[in-house]
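Here is the structure we will look at.
The values are calculated or read from the model by the stated rules, or taken from the named source; none is laboratory data. All values derive from a computational prediction rather than experimental measurement. Virtual Cβ from ideal backbone geometry, glycine too; neighbours counted across all protein chains shown.
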Amino acid sequence: MDRMKRDLVVIGGGPAGISAAIAAKKAGCPDVLLIERDKMLGGILNQCIHDGFGLHRFGETLTGPEYAQRHIDEFKRLSIEAMLSTIVLSMGPDRKLAVSSKKGFTEITAGAIILAMGCRERTAGAISLPGTRPAGIYTAGAAQNMINLQNIMVGERAVILGSGDIGMIMARRMTLEGAKVEAVFELLPYPSGLQRNIQQCLNDFDIPLNLSTTVTEVHGKNRLTGVTVAQVDAHYQPIESTKRHIPCDTLLLSIGLIPENELTRQAGVSMAPATSGALVDDTLMTAIEGIFSCGNVLHVHDLVDYVSEEAEQAGTNAARYLREGLPKVEKTVLIKPVDGVRYAMPQKVSGTSDFTISLRVTNPGKNQYLSVRANGRKIARRKKIRLHPAEMERIKVKAEKLDGAKTLEVGLE
Amino acid sequence: MKTRKLICIVCPNGCELTAEIITGETLAVGEVTGSLCDKGPVWAKQEIVSPMRTIASSILVKGGDYPLVSVRTDSAIPREMIQTVMAVIKDKSISAPVEIGDVLIPNPAGTSCNIIATRHVNVAGIRDQGSGIRN
């Protein structure tokens, strides 16, 4: 068995991992190793061939592969080492990693680790989808991978359950490839993807979006033959009289994303139930010293631009940790979501420097203020014309305004 | 005054725009409100007169390390031309290698856009050289 010691190991070669590695190297960390289980860098961006990425970061709209390539080019320019087709089997609190690649098994002891494993899709099992189990049921991302990377068309007549962005993007993609997309059904009374995707992916192609509606039964023995859908009441129970049958050979599920935190839990990192990611401070360090987290494994983002930005922070902070060790923190300020805010990240800050809180609201709303309160005083406030659970919000807080507070409350008013 | 509501697709903000429609001999658009930036009104005026869209798809690659190269239009095309341009893209196949940014189909179906590659596809079996990336 090979054994090696490395300064910084980044787990995951998607947009978060690449940007974290680049930032760490630029911040002076000489020894950065990135581990990626796929045979190429770029992660999910490789199959996201639609455009709309990079508007914040580059001021232009790029496709996923182009957005990835810009970062991969910089990664290569900086001569950062990547192990591809390599998987991390286990991680310990002592920052020991068991790694498996074609060459065999390697044990790596890292000075610091950045978790950038991204997220995976919720599947039919997660929602106890009723009915038979025929072929033709895919998560939207799996269908996207087959169509866009493997040249395999998944079906001819599709129904999409869930109005997440990937589902809507796939409604358009399947239509462009000649399939008939019957409709998108969403259990909630509001769509869970971006407004622009409702317009450009559904309305443009006359694909109906049915809210407060779900699939109540799957039909078919070998191949899917159809689904039964029904509207739901205020308690999300199907209304019998609204049931109808829709013939289809394909059902795509776009019903949410789960941060892929198996390694994180295994190492004993404290988790935040609201994000399903690690609890972190404003340096994005988890409760275990030297282990950092960023991107969709920390909390699910809707824009990759913010994933890259967050990952750069993690990279810079990991490099600083390796150089200077833990900062002398005299106090910890807890950040608590209240009044209409579902989660706020980071969950704690040192209060010694300015920081940005990322958050999601619980319900859609209009003309409200995001506010941060310390000891009952407003210390940051931002007006929002529109708020939506599908859209991550961010608010900046100045350290000088904390004024000894032990807890900050992030809420709506 | 007639108005029309639109969701702006220029960026992820997805502003809800309200445009004044001036009905005369030709369709004209007056004031556009509800936009967080100055791109919204420009887009709304175009959208009402003649909607334009970009599209992304993929083209078959022979002899490449991947079976497909992802592609996009390098400028917007009239929305009603989407399926016509898609038919041209579907008919096309090319040989590896392909470089990101390569023009693979100039002016498909008489439009003023080009179809460009959005990723590299190497010839099958050739390793990525000099990158420090190892398998």
For region B:1-59, what are the residues that are assigned to a strand (DSSP E or B) and closer than 30 Å to A:Met174 by Cβ? B:Arg4, B:Lys5, B:Leu6, B:Ile7, B:Glu16, B:Leu17, B:Met52, B:Arg53, B:Ala56, B:Ser57, B:Ser58, B:Ile59
Restricting to region A:120-168, what's the tally of residues that are among the β-branched types (Val, Ile, Thr), out of contact with any Phe, Trp or Tyr (no Cβ under 9 Å at 6 or more places or on another chain) and assigned to a loop (DSSP other than H, G, I, E, B)? 3
For region A:144-156, name all the residues that are in contact (Cβ under 8 Å) with a residue 60 or more places away in the chain and either touching a Pro at 6+ places or on another chain (Cβ under 7 Å) or of a type in the set (Val, Ile, Thr) (or both). A:Val154
Among B:Val71, B:Val61, which is the only one that is in contact (Cβ under 8 Å) with a residue 40 or more places away in the chain and within 9 Å of another protein chain (Cβ to nearest Cβ)? B:Val71
Counting residues that are closer than 30 Å to B:Ile82 by Cβ and without any contact (Cβ under 8 Å) to a residue 24 or more places away in the chain, which strands (runs of 3 or more DSSP E) fully inside region A:199-302 reach at least 1? A:226-231, A:244-247
Residue that is exposed (fewer than 14 other Cβ atoms within 10 Å of the Cβ) and touching a residue at least 60 places away in the same chain (Cβ under 8 Å), where the choices are A:Ala116, A:Ala126: A:Ala126
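Condition check ((1) closer than 30 Å to A:Pro337 by Cβ; (2) touching a Ser or Thr at 6+ places or on another chain (Cβ under 9 Å); (3) modelled with pLDDT of 95 or more; (4) away from chain B (no Cβ under 14 Å)) across all residues:
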site	(1), (2), (3), (4)
A:Ala183	no, yes, yes, yes
A:Glu186	yes, yes, yes, yes
A:Arg196	yes, no, no, no
A:His219	no, yes, yes, yes
A:Asn222	no, no, yes, yes
A:Gln266	yes, yes, yes, yes
All but one of (1) surrounded by fewer than 23 Cβ atoms within 10 Å (Cβ to Cβ); (2) within 14 Å of chain B (Cβ to nearest Cβ) hold for A:Gly64; state the number of the condition that does not hold. (1)
Do you know which residues across region A:71-85 are hydrophobic (A, V, I, L, M, F, W, C) and either within 7 Å of chain B (Cβ to nearest Cβ) or under 17 Å from A:Lys39 (Cβ atoms) (or both)? A:Ile72, A:Phe75, A:Ile80, A:Ala82, A:Met83, A:Leu84
Here the qualifying pairs (Cβ atoms under 8 Å; residues six or more apart or on different chains; first in region B:32-45 and within 14 Å of chain A (Cβ to nearest Cβ); second in a helix (DSSP H, G or I)) come out as B:Gly34/B:Gly40; B:Ser35/B:Pro41; B:Ser35/B:Ala44
Can you confirm whether region A:374-395 contains a residue that is without any contact (Cβ under 8 Å) to a residue 40 or more places away in the chain, assigned to a loop (DSSP other than H, G, I, E, B) and either in contact with a strand residue (DSSP E or B) (Cβ under 9 Å, 6 or more places away or on another chain) or more than 25 Å from A:Ile198 (Cβ to Cβ) (or both)? yes
Considering (1) within 12 Å of another protein chain (Cβ to nearest Cβ); (2) without any contact (Cβ under 8 Å) to a residue 60 or more places away in the chain, say which one B:Ser50 fails and leave the rest. (1)
Testing A:Gly52 on (1) buried (at least 16 other Cβ atoms within 10 Å of the Cβ); (2) more than 9 Å from chain B (Cβ to nearest Cβ), one condition comes back false. Which one is that? (2)
